[in-house]
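Here's the structure, in structure tokens; my notes come after.
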Amino acid sequence: MASPSRAGAPAFDAAELDELKRTLVTACHILDHEGITDGYGHVSARVPGTAAFLTIANVSPGCATLERLIMLDCDGKYLGGAETPPNEWPIHACVLKARPDVMSVCHTHSVWSTLFSVLPIKLRPLHHYGKFLSADGPPVYEAAGLVRTVERGKALAAALGEGPVVLMRAHGDTVVGAGIEQAVQRTIRLAKLGELAHLALLHGEPRYLSADELETFSADERFPARGWEYYVSRLGK
Ligand SMILES: [Zn+2]
């Protein structure tokens, strides 16, 4: 029986969390391998059906291991695992608390997200990789500084709203998904979109995708697991 004191979650060492932990570590390694994260950034995963989540301890995503994971509840209470949470744990706690539909959160200092967070133009979809975004692009969380307090975490979650992405001015991005695989693929695709938009803008005003055109692409949901399999294969595991 799960203990209420653990936000309904099983013990950190429970076998039922093994697969989620392995996927979380793989997610961190993928974002590092793809050059999206550097020494900083983190991925979290909600423990299904609970107000608890797993994320990496205060280590770089590329250095994540099963032993360097930590479990917190959505108020930041320590529930098990490595003892030091990432500095910006309120990003995950506050977004997961505000969005019951979200099962995973990625926070990165992506070059491309950071670039568009400080430009006077929005990062709007001009490739079907951006089909999960609205036609006018993601909002920007304007407050400068790291998100190390619940107050800032709540403000970030408010800026995210019901969307999949919020850019963070002079900082990076926060991307959510219905699972780890979706959050990671969205994060990578957001970076690819940023790079492509940057190149396109060198030539003038791009022909962005309209809301109707994004709808057309979104209707095609073939091969949902294909991208994840590809990124795992590039890790050489
Ligand atoms: Zn950060």
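The values are calculated or read from the model by the stated rules, or taken from the named source; none is laboratory data. Just so it is clear, the model here is predicted, and its values are computed rather than measured. Cβ sites come from the backbone with ideal geometry, for glycine too, and all protein chains shown count toward neighbours.
Can you tell me which residue in segment 87-105 is nearest to Val175 (Cα to Cα), limited to those that are within 11 Å of the ligand (Cβ to nearest atom) and not in a helix (DSSP H, G or I)? The residue in question is Glu88.
Residue-by-condition table, conditions (1) closer than 19 Å to Leu24 by Cβ; (2) surrounded by fewer than 20 Cβ atoms within 10 Å (Cβ to Cβ); (3) not β-branched (Val, Ile, Thr):
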{"position": "Leu146", "(1), (2), (3)": "no, yes, yes"}
{"position": "Arg152", "(1), (2), (3)": "no, yes, yes"}
{"position": "Ala158", "(1), (2), (3)": "no, yes, yes"}
{"position": "Gly161", "(1), (2), (3)": "no, yes, yes"}
{"position": "Val165", "(1), (2), (3)": "no, no, no"}
{"position": "Asp173", "(1), (2), (3)": "yes, no, yes"}
{"position": "Ala183", "(1), (2), (3)": "yes, no, yes"}
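Considering only residues in segment 132-143 that are surrounded by fewer than 18 Cβ atoms within 10 Å (Cβ to Cβ) and either away from the ligand (no atom under 16 Å from the Cβ) or not acidic (Asp, Glu) (or both), the one that is farthest from Lys192 (Cα to Cα) turns out to be Ala143.
Within the group Ala200, Ala143, Ala135, Ala170, which residue is part of a helix (DSSP H, G or I), among the hydrophobic types (A, V, I, L, M, F, W, C) and modelled with pLDDT of 95 or more? Before you say what the answer is, go through the steps one by one.
Numbers: Ala143 fails: part of a helix (DSSP H, G or I); Ala135 fails: part of a helix (DSSP H, G or I); Ala170 fails: part of a helix (DSSP H, G or I).
Matching residue, one of Ala200, Ala143, Ala135, Ala170: Ala200.
If I filter segment 60-73 for residues that are assigned to a loop (DSSP other than H, G, I, E, B), within 25 Å of Lys154 (Cα to Cα) and over 16 Å from the mean Cα position of the chain (by Cα), do I get at least one hit? Talk me through it step by step, then tell me what you get.
Let us first name the residues in segment 60-73 that are assigned to a loop (DSSP other than H, G, I, E, B), namely 60, 64-65.
This time we only want the ones that are within 25 Å of Lys154 (Cα to Cα), so: 60.
Cutting the leftovers down to over 16 Å from the mean Cα position of the chain (by Cα) gives us none.
No, segment 60-73 has no match at all.
As a summary of the residue check, Cys63 satisfies the conditions (1) loosely packed, with under 15 Cβ neighbours inside 10 Å; (2) in contact with a strand residue (DSSP E or B) (Cβ under 9 Å, 6 or more places away or on another chain); (3) under 18 Å from Val111 (Cβ atoms) except for the one numbered (3). Entry remark, segment 15-53: residues being away from the ligand (no atom under 14 Å from the Cβ), assigned to a strand (DSSP E or B) and either under 17 Å from Thr174 (Cβ atoms) or of a type in the set (Asp, Glu) (or both) number 3 in total.
On inspection, Gly80 qualifies as more than 16 Å from the ligand (Cβ to nearest atom) and not in a helix (DSSP H, G or I). Return a yes/no flag: does segment 106-124 have any residue that is closer than 21 Å to Ser44 by Cα, of a type in the set (A, V, I, L, M) and not in a strand (DSSP E or B). Scanning segment 106-124, I find at least one residue that is closer than 21 Å to Ser44 by Cα, of a type in the set (A, V, I, L, M) and not in a strand (DSSP E or B), so the answer is yes. Of all the listed residues (Leu24, Leu54, Leu69, Leu31), the sole one being closer than 21 Å to Arg189 by Cβ and touching a Leu at 6+ places or on another chain (Cβ under 6 Å) is Leu24.
No other residue among Thr114, Thr65 is at pLDDT 95 or above and under 29 Å from Ser210 (Cα atoms) apart from Thr114.
Looking at segment 115-125 only, could you name the residues that are closer than 13 Å to Ala191 by Cα and surrounded by fewer than 17 Cβ atoms within 10 Å (Cβ to Cβ)? Even if it seems obvious, please write down each step before you answer.
Step one: filter segment 115-125 for residues closer than 13 Å to Ala191 by Cα, giving 115-117, 123-125.
The one that is closer than 13 Å to Ala191 by Cα and surrounded by fewer than 17 Cβ atoms within 10 Å (Cβ to Cβ): Leu115.
Just name the residue that is nearest to Glu34 (Cα to Cα) out of those in segment 99-114 that are crowded, with 19+ Cβ neighbours inside 10 Å and aliphatic (A, V, I, L, M). Ranking the qualifying residues of segment 99-114, first place goes to Val105. When Gly172 is tested against (1) within 13 Å of the ligand (Cβ to nearest atom); (2) at negative phi; (3) not polar (S, T, N, Q), just one condition goes unmet, and that condition is (2).
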